[in-house]
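Trainee: Below are the structure tokens for one structure; questions will follow.
The values are calculated or read from the model by the stated rules, or taken from the named source; none is laboratory data. The structure displayed is predicted, hence computed values, not measured ones. Positions of Cβ are backbone-derived with ideal geometry, glycine not excepted, and every protein chain shown enters the neighbour counts.
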Amino acid sequence: MKEKIKTYIEGLDEQMTGGIPKGHVVLLSGMPGTMKSSIAYNILFNNARERGIKGLYISLEQGRDSLLDQMFGLGMDHNEVEEGVNVVDMGYLRMHMPHSGESQDWMKIFRMYVENLKASMKYEILIVDSLPVLEMLSAMESRRTDLFELFGWLKEMEITTFIIAEAATDINIVHEEDFLADGIIKLIKERMGTDVQRQIMVDKMRGVKHSTGLYTLMHDGENFRITKVIGD
Ligand SMILES: Nc1ncnc2c1ncn2[C@@H]1O[C@H](COP(=O)(O)OP(=O)(O)OP(=O)(O)O)[C@@H](O)[C@H]1O
Ligand SMILES: [Mg+2]
């Protein structure tokens, strides 16, 4: 059986017989504020701390300091994993951008950093936060072809990738990337009376026998965990 990468969301790894197969390209999709970034960082943080697996987080939306402050609030002190987790934001990428006269091709720059950092730091898990921003920056000509190429390139890298994506408000809308990805984890905010509950589901995970049920997602100040949806 293929080796697995744990999400370190208590209960979820058990639902996927141990986690996500190494080498997969997985979409983490959800509406704003559904904890996509927190869950992604949580994967890097715990894999580095517990198993010495290195990770790279490319944050195109949120600045590095803001992201790390938020993670500190969730009980994850970046100082603990400084060696194992590299967080790179737009400011960093801009500063290290090759100076040339021509207009910058962001997709090229993005790929260059992902490849260079793989050679230098040898990370095994990559987070791309987020696909909509990467697309916006790189002005894709043909979305279909460009995404096909991006996913193909990521699969050849022999790393496990989590791509943060937008969720469609209509559940019947399917994105191009949904077909290209090896897995899809969806994050949902569900109104329960006057409360809003966070929920999570594994929509697709190639090569894994998993439940497609909705689970309540909780954070106890230290760890994420799931329970059966309250109200079911
Ligand atoms: N200490 C905390 N404990 C529990 N929930 C928190 C804590 N700190 C922040 N949150 C919640 O997490 C949400 C933001 O999480 P996060 O940034 O990971 O979501 P996101 O899906 O990446 O958001 P965006 O779409 O803006 O990028 C906040 O809206 C807040 O409700
Ligand atoms: Mg985010």
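Trainee: When you check ASN47 against the structure, is it within 16 Å of ligand 2 (Cβ to nearest atom), crowded, with 19+ Cβ neighbours inside 10 Å, at pLDDT 95 or above and among the polar types (S, T, N, Q), yes or no?
Mentor: Considered against the rule, which asks whether it is within 16 Å of ligand 2 (Cβ to nearest atom), crowded, with 19+ Cβ neighbours inside 10 Å, at pLDDT 95 or above and among the polar types (S, T, N, Q), ASN47 comes out as no.
Trainee: Whether any residue in the stretch 169-183 is aromatic (Phe, Trp, Tyr) and not in a helix (DSSP H, G or I) is what I want to check.
Mentor: No, the stretch 169-183 contains no residue that is aromatic (Phe, Trp, Tyr) and not in a helix (DSSP H, G or I).
Trainee: Sticking with this one: Name, by its number, the condition in (1) acidic (Asp, Glu); (2) buried (at least 19 other Cβ atoms within 10 Å of the Cβ); (3) free of Cβ contacts under 8 Å to residues at least 40 places away in the same chain that does not hold for GLU177.
Mentor: (3)
Trainee: Which of the numbered conditions does SER37 fail, given that it passes all the others? Conditions: (1) over 19 Å from MET136 (Cβ atoms); (2) within 15 Å of ligand 1 (Cβ to nearest atom); (3) touching a helix residue (DSSP H, G or I) at 6+ places or on another chain (Cβ under 9 Å); (4) in a helix (DSSP H, G or I).
Mentor: So SER37 meets the others, but not (1).
Trainee: Also, I was wondering about something else. Of the residues VAL81, VAL88, only one is more than 16 Å from ligand 1 (Cβ to nearest atom) and touching a Phe, Trp or Tyr at 6+ places or on another chain (Cβ under 6 Å); which?
Mentor: Every option except VAL81 fails the conditions.
Trainee: Residue by residue through the stretch 44-82, note down the ones that are over 20 Å from TYR113 (Cβ atoms), of a type in the set (A, V, I, L, M, F, W, C) and touching a residue at least 24 places away in the same chain (Cβ under 8 Å).
Mentor: PHE45, MET71, LEU74, MET76
Trainee: Here's another thing I want to ask about it. Out of all the residues in the stretch 40-53, which are in a loop (DSSP other than H, G, I, E, B) and not small (Gly, Ala, Ser)?
Mentor: Scanning the stretch 40-53 gives a single hit, ILE53.
Trainee: Identify all residues within the stretch 2-43 that are under 18 Å from LEU117 (Cβ atoms) and within 12 Å of ligand 2 (Cβ to nearest atom); write none if there are none.
Mentor: ALA40, TYR41
Trainee: Further, regarding this structure: For the stretch 108-136, what are the residues that are hydrophobic (A, V, I, L, M, F, W, C), assigned to a helix (DSSP H, G or I) and within 16 Å of ligand 2 (Cβ to nearest atom)?
Mentor: Hits for the stretch 108-136 are LEU131, VAL133, LEU134, MET136.
Trainee: Output the residues belonging to the stretch 54-78 that are within 14 Å of ligand 2 (Cβ to nearest atom), within 14 Å of the chain's Cα centre (by Cα) and outside any loop (DSSP other than H, G, I, E, B).
Mentor: TYR57, ILE58, SER59, LEU67 - these are the residues of the stretch 54-78 that are within 14 Å of ligand 2 (Cβ to nearest atom), within 14 Å of the chain's Cα centre (by Cα) and outside any loop (DSSP other than H, G, I, E, B).
Trainee: If you don't mind, another one. Filter the stretch 7-34 down to residues that are in a loop (DSSP other than H, G, I, E, B) and under 21 Å from MET218 (Cα atoms), then give me how many there are.
Mentor: Residues that pass the stated criteria total 11.
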